[in-house]
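Written out below as structure tokens is the structure these notes cover.
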Amino acid sequence: MADTAAVVPNPAADTSPDEPGIIGIGAEMAERLADLVTRNTTYLTDSVMQVPLEHYRSPERHQEELDQLFLTGTLCAGPSAAVANPGDFTVHEVLDKSLLITRDDAGVAHVLLNYCTHRGAIIAEGEGCTKRHTCPYHAWSFDPGGTLVGIPGAEGFDGMDRSMTGLFELPSAEAHGFIWYSLDPTATVDPASHLGPFGAELERWGYADFWKVSVMDLEFPANWKATMEAFNETYHFPFVHQGTIAGGVISNTTTFDTYGRHHRLGVPLVTFKDVIEGRAEYDPNFNLSVLYFCCPDLMLANGPFGVEVVQITPTLEPNRSRLRHTFMAKAAPTNDAEREVAEAFSSPAAEAIRVEDGPVLSLAGRGLQEGGHGFSSIGRNEPGVQNIHNQIDAIIN
Ligand code: FES
Ligand SMILES: [Fe+2]
């Protein structure tokens, strides 16, 4: 068995924790991963976890999670890059509510309820850039901050207090390249207290300067926690992603670190084996991938080219969840060729979720809903999955 301290070439010597992105964290993580890869093992928790199937299917448990996590807690509305410029907007369905996420002329992001204050019609759909959101029903129009700015036949509304007829705004705050918000209109959104030390970890990547390449929305017939589980282990890679992403990853091998309720998984890429075995130079950008779980609704998968932002939310039904996948490149393209490269990276990443994870999540959703086996078993090799349940249980109980 190789001496792993010697085979990763001086990781600590040429990197600093203060450096951005993977460079700053790569050295220490690389040493741990080299040890795990060499011993053909992974970070292991103390014991196998048994999650009662009731946690995936009981309407009462589901309502508790909605009440305590989603209707009152801090959530992620998406990356800042989703609405990078004034006028940009994106519509996102969360808990069967339609949210209109915008950026106003002053550069401030807003999370608005996407319902017209005239007679309730959904106003915007999809994504784009506009100075005016015009309702399809009677064409009332609103600026990106949600202020009512136009009423056809305005005399019909003489005497109405227009200050009361802007789009309903939810509390939000932008930090570390993401927009944080609450579905509770009375809440104060404080990313620093929500994230704790995880904020500094996010900050090191400079996500605020990333560029949105693509957005994909999916719905799965599976509880939201089951969907989130699939993004917190690489155990399934050889079986679900053979022929695609599994070819680039040393599967079922991760480091595990926690930041309050949130966590980080370090994943070795197959190129890392070449480094360990002395065939290649160490370059953390191309040897390691870093995954993050930000409790309760956000998952990030960092790769050499950018990051996959995966937002997972429940619906009002226990056995149905929504996923928004946003692929962000580290920088905006400066020409068509760079744009094509960005799209060439984003498309397979999105397709792996849609075509490969999607079907197994549907299968898992059936058994979690209908199975008679009492509980699901989360292995010692699935620390991220165990931590999701630990953190949710700690909030609920
Ligand atoms: S419902 Fe929107 S303008 Fe009437
Ligand atoms: Fe997967």
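The values are calculated or read from the model by the stated rules, or taken from the named source; none is laboratory data. Predicted model only: the values in this text are computed from it and were never measured. Cβ: placed from backbone, ideal geometry, glycine included. Neighbour counts: every protein chain shown.
For the reader, a short list of remarks on this structure follows.
- Leading residue by the ranking (surrounded by the most Cβ atoms within 10 Å (Cβ to Cβ)) among those in the stretch 268-310 that are more than 30 Å from E65 (Cα to Cα) and among the β-branched types (V, I, T): V275
- There is at least one residue in the stretch 145-166 that is assigned to a strand (DSSP E or B), at pLDDT 95 or above and more than 28 Å from P79 (Cβ to Cβ).
- Yes/no for N285 being touching a helix residue (DSSP H, G or I) at 6+ places or on another chain (Cβ under 8 Å), away from ligand 1 (no atom under 16 Å from the Cβ), closer than 22 Å to D209 by Cα and not charged (D, E, K, R): yes
- Checked against (1) touching a Ser or Thr at 6+ places or on another chain (Cβ under 9 Å); (2) not in a loop (DSSP other than H, G, I, E, B), D257 meets all criteria but (1).
- Scanning the stretch 172-192 for residues that are out of contact with any helix residue (DSSP H, G or I) (no Cβ under 8 Å at 6 or more places or on another chain), touching a residue at least 60 places away in the same chain (Cβ under 8 Å) and assigned to a loop (DSSP other than H, G, I, E, B) yields a total of 5.
- Matching option when the condition is surrounded by 13 or more Cβ atoms within 10 Å (Cβ to Cβ), within 30 Å of A350 (Cα to Cα) and within 16 Å of ligand 2 (Cβ to nearest atom), among L218, L202, L170, L183: L218
- Every pair of residues 6+ apart whose Cβ atoms lie under 7 Å, when the first sits in the stretch 82-96 and is crowded, with 16+ Cβ neighbours inside 10 Å while the second is in a loop (DSSP other than H, G, I, E, B) and small (G, A, S): F89/A124; V91/A124; V91/G126
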